[in-house]
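Reviewing the structure listed below.
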Amino acid sequence: MNSELTTAFQIETGSSTEAFAKKEQSLEDKSRQKPLSAPGLTLKKVNVRYGDTNAIEGACLDIPSGSITALVGPSGCGKSSLLASISRMTDLTPQCQVSGEIFLGKDNILAKGTDLNRLRRRVGMVFQSPNPFPMSIEENIRFPLRDHGMRDESVIRKTIKNVLGDVGLWDEVKDRLGQSALALSGGQQQRLCIARCLALDPEVLLFDEPCSALDPLSSAKVETLIKGLKSRYTVLLVTHNLAQARRIADHVAVCWVQAGCGCIIESGDTRSIFERPVHPITQAFCQGLQG
């Protein structure tokens, strides 16, 4: 595997050769044993800074489990930076500093000594453009499972079938699992990437504009998929598409740039944000008059 692919895999799934040399943790006993309710996320005065530039400052937000929370706002207001801070991908960015507190359940994931390998298994990330690994459809799921210690081939095969079924891909690809994932359509590739996340039983799913590179039909399938996942996961979605946020989100947080820095200006349930916003910028933004 080349270094670029290794880095991408470690970012997405928390894989670490050193960590597994010390501790080979098997997933066999945990396969498909999803808790009834994943823990929620709580952000307290989170700041993300790149050198001398503040990307977002003082972000406070409750992200409940069993629902979808959408981050909306114009480009450059810190939405993706906030998402990256939750998965600690910001640790990989030179001169990036994150402060404040982010609680996943009772755990402050910004605390010193946080096990990043474990965190990135708890938090799955799906990116803007589909990024399947340059290997077969089946290997895209098998590879992270084996890298995380699973050795029982029957459990691996069952997991592959289950997660591909979860994203509506099994019936579409079951007769060509050995073919390259790169031969799939863009929408199928994105659903495969979601399945790859689900294989490791995360508690939180982060989506960074997952439909922006897809056609309307593929976008609709991904939206339906995300809605179907919310009962099992804590879901946070970044989107520029206000109509999408209104369709699938239960809660919405509006990000904006004020005094040259991104911030959350208002948050609440979706209906309140779109129909009874408090902040005048939120009102103008939701009406298409600003942003």
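The values are calculated or read from the model by the stated rules, or taken from the named source; none is laboratory data. Because the structure is a prediction, the values reported are computed rather than measured. Quick reminder, even Gly has a Cβ in these numbers, built from the backbone with ideal geometry, and neighbours come from all protein chains shown.
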Cβ pairs under 8 Å, 6+ apart or interchain, first in the range 87-103 and buried (at least 17 other Cβ atoms within 10 Å of the Cβ), second part of a strand (DSSP E or B) and aromatic (Phe, Trp, Tyr), ordered by first then second residue, are CYS96/TYR50
Checked the range 58-100 for anything of a type in the set (A, V, I, L, M, F, W, C), closer than 19 Å to GLY260 by Cβ and under 16 Å from the mean Cα position of the chain (by Cα); matches are LEU82
The one condition GLY113 fails out of (1) modelled with pLDDT under 95; (2) surrounded by 22 or more Cβ atoms within 10 Å (Cβ to Cβ) is (2)
Out of curiosity, is GLU172 of a type outside the set (Lys, Arg) and closer than 26 Å to SER81 by Cβ?
no
Would you say GLN128 is polar (S, T, N, Q), part of a loop (DSSP other than H, G, I, E, B) and in contact with a helix residue (DSSP H, G or I) (Cβ under 9 Å, 6 or more places away or on another chain)? yes
Considering residues that are under 21 Å from PHE285 (Cα atoms) and crowded, with 22+ Cβ neighbours inside 10 Å, the number found within the range 48-74 is 9
Taking the range 55-107 and keeping only residues that are more than 17 Å from ARG120 (Cα to Cα) and in a loop (DSSP other than H, G, I, E, B), one is left with PRO64, SER65, GLY66, SER67, GLY73, PRO74, SER75, GLY76, CYS77, GLY78, PRO94, GLN95
Counting only residues in the range 188-243 that are among the small types (Gly, Ala, Ser) and crowded, with 20+ Cβ neighbours inside 10 Å, the one nearest to GLY149 (Cα to Cα) is identified as ALA199
Of the listed residues (ASP152, ASP175), the one being modelled with pLDDT of 95 or more and charged (D, E, K, R) is ASP175
In the range 118-155, anything crowded, with 17+ Cβ neighbours inside 10 Å, touching a strand residue (DSSP E or B) at 6+ places or on another chain (Cβ under 9 Å) and either β-branched (Val, Ile, Thr) or under 24 Å from ARG232 (Cα atoms) (or both) is listed as LEU119, ARG122, VAL123, GLY124, MET125, VAL126, PHE127, PRO132, ILE137, ARG142
Margin query: Condition check: closer than 25 Å to MET89 by Cα and basic (Lys, Arg). Does ARG191 satisfy that?
Written below: yes
Selection over the range 167-225 where residues are basic (Lys, Arg) and touching a residue at least 40 places away in the same chain (Cβ under 8 Å) yields a count of 2
How many residues of the range 246-285 are free of Cβ contacts under 8 Å to residues at least 12 places away in the same chain, farther than 22 Å from SER67 by Cα and surrounded by 14 or more Cβ atoms within 10 Å (Cβ to Cβ)? The answer is 1
